[in-house]
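Values in this text are rule-based calculations from the coordinates and carry no lab data. Note that the coordinates shown come from a computational prediction; the quantities given were computed from them, not determined experimentally. Here the Cβ positions follow ideal geometry from the backbone for every residue, glycine too, while neighbour counts run over all protein chains shown.
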Amino acid sequence: MSEPILLEATDITKAFGGVRAVDTVSVAVHEGTIHALIGPNGAGKTTFFNAISGFTFPDHGRVTFRGTDVTRTLNWRRITMGMGRTFQTPSVFPELTVDENIRLGVRAHAKQAFRLRTPGGAAAAAVDARVDELLGFVNLAAQRERLVAELAHGSQRLCEIAMSLSTEPVLVLLDEPMAGLAEAETDRIVAVIRDLRQRLGLTVFFVEHNMRVVLALADRITVLDRGKLLAEGSPQEIAADNAVRRAYLGSEVLERV
Amino acid sequence: MRARRELAVFILAVVLLACGPLISPLVHLDISILSEVLVTTLAVLSVNLLLGYTGLPAFGNAAYFGLGAYGAALSVTYLHVDFVTAVLAGAAAAVAGALILGPFLLRRRGIYFGLLSIAFGEIFYFIAYRYTDVTGGEDGMNFPRPPFGPGLAHVAIHETQFYYIALVVFAVAMIAFRVVVRSPFGRTLIAIRQNEARVRYLGLDTDRFIFVALLISALLAGVSGALFGLLINFAYPLELDWHQSGNFVLMMILGGAGTIWGSLIGALIYVIGKDIISTITPLWQIFLGALFVACVLGFPRGIVGSLGALRRRRPVDPEDPVSSEAFDAGAPVEVGRGV
């Protein structure tokens, strides 16, 4: 791993009551990589994700992002520093149109959200252009006037990805982007995630269950099991790791690799 | 197209309301009841901004309403100010109250925001109730309606003049309210109602938006309370009580949460309904309660909200320019809640 570290989580611990959902886990996400976080149900993947994205704060440990300690930084401020995030169930504004959903993010990034007047002229044109660009990127231009609540699950997720891109992040955190999707929809999202790096040059850190997707996309894989770090390495190394095999992967999955 | 229709509706409504003093004798309605409708609408708008648009249970807005009434009453009684200054004093008292309470309310959401709002309102209620030397305690404060003020120092305000003053304030408030809810700021408030976590994950400090919404809400409630006090020449502790807050919420739901005109319709039905039914039977609250239950069961979006939804129910073909224009005009702009 020669690329510089973009996000580094050191000894993250988070307990709920007596249960240590995440127990002294350290992960470094390098710039320009697609990094996957996998593990069986209840391994603490989402808890770990919440701790690094500021949805909750860790009990112990340190998070640095772009060289700055952000362990106790409020989540909205992390976004302004260049983090973007999606959730397991698409987190969107269901009663607004696709266009308005994305526009909110673009306006927020352009520091127009607090205004009492909608800016005109060049500022408005810049916002329109950026909305069009994002709609094109996730291929939702045809549905732009539809309410998000009316969209298929996969399209809602694409809308959410476009929203997380609207704030122009350098790192995108995706929490189970394929959860509940059909094969065809999964392929669309896989293509978009690949484009995040190839076309936009972003770093992606994602939680996923679908091993086919993880092995196809990731440069690097971190495995959690019962709150602890079990293994980390390239897809080949993880697929060959006996501990991972026992804890998580069915042997038939490995044979296909 | 849509903006022009809205402007037409607005002008029509203001012209109709301007004819109020001519119409009211024909239907045996006191003009001061119509003034009360306009004044109350401002308080309903203040609840609507927090509850209908931003999704915060504003169950304590009577605190700002009462602060407005007492601000006017105290300034007239002890400082002998004119009408305009009394209204400004009431508004300032309410905004000052929100500035003090805001930081405590800001981090609370959902039912905790609602309960804390009620609790703070009760604090003001008991201050007014107990601080008898200044506020008159349970008996309240009687005070004369002062002359208008700047440039018109000797012009007395009778009921008809009061009505037109209230109408001007109402019209300004409606325009300002529309500007706020249609602005990028207002869009963000609506987004907070739908999904606050996502708004934060767009890099926005939602607490800041909510604090400003609270101040605007308090300003509206304060002006409403001050005008109400000046209308009835009286300020009393029950104006600060949570029953009063509940009435504003009820009127908002009756008219339609998240709709501008719903606030007027809700206040109109409640205030006039109360006036008419209470002359027939002392059990008027039973009838208003029944109306409220019927409304929640039959029209959960309120009267204006349900009308808006009805208009939008026609099937929409996005390829068809005519119907897709209807679609543009309907759903997205008012967030599926009517006009």
Original post:
Net charge near A:Arg194, counting Lys/Arg +1 and Asp/Glu -1 over other residues with Cβ under 12 Å of its Cβ?
Top reply: 0
Original post:
Can you give the FRET efficiency for A:Ser26 and B:Ile100, using 1/(1 + (r/R0)^6), R0 = 35 Å, r = Cβ-Cβ distance, to the nearest 0.05?
Top reply: 0.20
Subject >> Surrounding net charge for B:Gly203, when Lys and Arg each add one and Asp and Glu each subtract one, Cβ distance under 14 Å >> reply: +4
**OP:** Shielding by partners for A:49-57, please: the mean number of other protein chain Cβ atoms within 10 Å of each residue's Cβ.
**Re:** 1
Subject >> Cα gyration tensor, the protein assembly as shown - rounded (a/c under 1.5), prolate or oblate >> reply: prolate
Subject >> Averaged over A:71-79, number of beta-carbon atoms from partner chains that fall within 10 Å >> reply: 3
Original post:
Under a point spin-label approximation (7 Å from Cα along Cα-to-Cβ), what is the A:Glu133-A:Asp69 distance to one decimal in nm?
Top reply: 3.5 nm
Subject >> Euclidean distance between Cα centres, segment A:74-91 to segment B:82-150, Å >> reply: 39 Å
**OP:** Take peptides A:21-31, B:197-207, B:33-43, A:113-123 and line them up by average Cβ neighbours within 10 Å, highest first, as a rough protection proxy.
**Re:** B:33-43, B:197-207, A:21-31, A:113-123
Original post:
Where Lys and Arg each count +1 and Asp and Glu each count -1, what net charge lies around B:Leu231 among other residues with Cβ under 10 Å from its Cβ?
Top reply: -1
Original post:
Helix-derived [θ] at 222 nm for chain B: sum -39500 (n - 2.57) over DSSP H runs of at least 4, divide by residue count, nearest 500?
Top reply: -23500 deg cm²/dmol
Original post:
Using a ≥ b ≥ c from the Cα gyration tensor of segment B:51-184 (square roots of the eigenvalues), is it rounded, prolate or oblate, where a/c under 1.5 gives rounded and otherwise the larger of a/b and b/c decides, a/b for prolate?
Top reply: oblate
**OP:** Within 10 Å of each Cβ in peptide A:91-104, how many partner chain Cβ atoms are there on average? Round it to a whole number, please.
**Re:** 5
**OP:** Would you please classify the overall shape of segment A:1-59 from the alpha carbon gyration tensor, given that a ≥ b ≥ c denote the square roots of the eigenvalues, rounded means a/c under 1.5, and beyond that prolate means a/b larger than b/c while oblate covers the rest?
**Re:** prolate
Original post:
Suppose R0 equals 30 Å; then what is the FRET efficiency for B:His154 and B:Ala18 from their Cβ-Cβ distance, rounded to the nearest 0.05?
Top reply: 0.75
Original post:
So what is the 222 nm mean residue ellipticity for chain A from helices alone, if each DSSP H run of at least 4 adds -39500 (n - 2.57) and you divide by all residues, rounding to the nearest 500 deg cm²/dmol?
Top reply: -11500 deg cm²/dmol
Original post:
Can you give the alpha-carbon Rg of chain A over 2.2 N^0.38 Å, where N counts its residues?
Top reply: 1.03
Original post:
What are the semi-axes of the equivalent ellipsoid for segment B:61-102, taken as the square roots of 5 times the Cα gyration tensor eigenvalues, largest first, in whole Å?
Top reply: 19, 9, 8
